[in-house]
Structures are given as structure tokens and as C-alpha cells.
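Working notes for the structure below.
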Amino acid sequence: MPAPTAPPATGSPALPGTRIERQVALGEQVARALRAEILTGALPVGTLLVEAPLAARFDVSRGPVRDALRTLAAEGLIVSAGRSYRVVGLDERDVRALYALRELLEGYACQQAAAGDPAAYRAAAEAAIADMAEAARVDDASAFARADVEFHSAFYRACGNDRLRAVWEQHVPTFAVLFQLTDALDDTLAVSVTLHRALLDTILSGDPAEIAAGVAAHLAAAQERIINAYRTTLES
């Protein structure tokens, strides 16, 4: 099956996941490709997304395209416009809203994980940090972003609350693209590794107040980096 048409050049870093693969659900792959294009500005706000042209572009039936559009609508990246959808993307207010939600979720998830068995998250978090360190060493922003997601996901998996984890996982695809945009423009990945190690130490301390403060500080800094990188990407 041929790869979908590459997004227009926008000066933003290239993103993976735009090639259609048979082992991954087609709708998920189409959503991944469109999400990346929306978040990099390759599909500008106001662009109409119509099933038939998209199906032809990705060389799939309308079913996977319909699934992808529903997914992106649930993520708030597009809205219904009659029989089509219109791109709304994210603005700075949306990013801040996502991070406000994430602070509430992640602070609680880390506190709950720390109250349980540290072994449930420590090995996964340390492995993710090791992957981040290696990605920083070879300057691989894509690998760093994947490891970053894995680090934070470890606490949601260990918190014992499947509904909380499901809310996080709903937003992971958006955060994954934002992480990569930030990391591709960031020349301090090694510093980020140190910050993640410090956050893990704070969570391992088991002190709920320290964990809440540590998570809040970590996310506040990450939010500003992402907003600055996202602004740079859309203006390029």
C-alpha cells in the first residue's frame, strides 16, 4: 500500500508515523498522520476535511477515514461542519488547558502510585530515563519524545485507577506530537533527562505534598517550553 502524500513543507521538524502500515489499524494510522499535520500547521485552521478526498489520498476506504475523523473530533482538533470536518487545531489557551488538566491527573496518579508498590513504576520509569539519556546522546528528538511519554505513562499504569489512566491515554497522541515538536527545537535534552530523574526521586520519596509540588513545577516548566516551541513551529 503506498504511503500517503507528504504534508506541505512548513519549516517544522519532520514527524514519524505518516506511512500506512498493515499491522496497525488503518483508522489509527490516518488519525496519526492528520494529527501531526494539524499540530504542525501543515493543515491550517479552517481547512475542510472531507472523507472521499482523504480516502483517495491515503488509498484506504472511507471507513478508516471516518474512524480517524471521529478520533480527532474527540481530541478537539477538528469540529463537525455539515458532512465534513473543519480543522480547529490548538492554540496557546488549549495547551494551557491541557496542562491544567494534566497537573490534576498526574499529581494524583503519582501520589497514588507512590502509595503503592514502587516496583510497579520504578523499573519502567528508570528504563524510560535511560532511553531519554541515549536519545539525548545521539540527538534523536523522536526517540526522546517516545521515552518521555513512557516515563509519565508509568505512573498512570501504576496508580490503580483505570479510568484515570484512560483519560491520560486519550490525550497521549496529542502530547506525543507536542513533545516531539519541543524536543526537535530543544538543545538541552540532557537537562531534561536530569529533570526527569529529579522528579522520579521526588515521587519515590512518597511524600504526597512534595510529589504534588514536584509534578506541578515539572509540568509548569514543560508547558512553557511546549508553548514556545509550538509558537515557533506555527510561525515558521
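The values are calculated or read from the model by the stated rules, or taken from the named source; none is laboratory data. Every value quoted in this text rests on a predicted model; they were computed, and no experiment measured them. Positions of Cβ are backbone-derived with ideal geometry, glycine not excepted, and every protein chain shown enters the neighbour counts. SASA here: full protein model, heavy atoms, side chains in, ligands and nucleic acids out. Shrake-Rupley method; radii C 1.70, N 1.55, O 1.52, S 1.80 Å.
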Note to self: Between (i) 61; (ii) 54; (iii) 47, which entry matches percent of Cα pairs over 22 Å apart as derived from the coordinates of this structure?
What the structure shows: (ii)
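Enter the accessible area per residue of region 166-207 (Å², integer; probe 1.4 Å; all protein chains in place).
42
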Next item on the list: Any chance you could give the angle, 0 to 90 degrees and rounded to 10, that helix 208-235 forms with the longest Cα principal axis of the chain?
Entry: 30
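Run the numbers on region 48-177 and let me know its relative contact order in percent, using alpha-carbon pairs under 8 Å that are six or more apart. Before the final figure, lay out each step's value.
On the way: 112 pairs, mean separation 27.2, N = 130.
The normalised contact order for region 48-177 reaches 21 percent.
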Next item on the list: Starting from the Cα of residue 97, step 7 Å along the direction of its Cβ; do the same at residue 59; then give the gap between the two resulting points in nm.
Entry: 3.8
Next item on the list: With a 10 Å radius around each residue's Cβ, average the other Cβ atoms per peptide and rank 92-100, 208-216, highest first.
Entry: 208-216, 92-100
Note to self: With a 10 Å cut-off between alpha carbons and a GNM built on the chain, which of 188, 71, 40 moves the most?
What the structure shows: 188
Next item on the list: If a/c stays under 1.5 just call it rounded; otherwise compare a/b with b/c (prolate if a/b is bigger, oblate if not). Do that for region 31-139, with a ≥ b ≥ c from the square roots of the Cα gyration tensor eigenvalues.
Entry: prolate
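In debye to the nearest 20, how big a dipole does region 114-189 give about its Cα centre with +1 on each Lys and Arg Cβ and -1 on each Asp and Glu Cβ?
Once rounded to the nearest 20, the dipole reads 380 debye.
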Notebook entry, point to check: Hey, any idea what % of the chain's accessible area is carbon plus sulfur with a 1.4 Å probe?
Noted result: 53
Next item on the list: Grab the Cα-Cα distance for residue 120 and residue 217, subtract it from 0.36 nm times how many residues apart they are, and report the gain in nm with one decimal.
Entry: 32.6 nm
Note to self: Could you tell me which residue out of 41, 97, 198 lies farthest along the dipole of the chain toward its positive end? Charges go on the beta carbon: Lys and Arg +1, Asp and Glu -1, centred on the Cα centre.
What the structure shows: 41
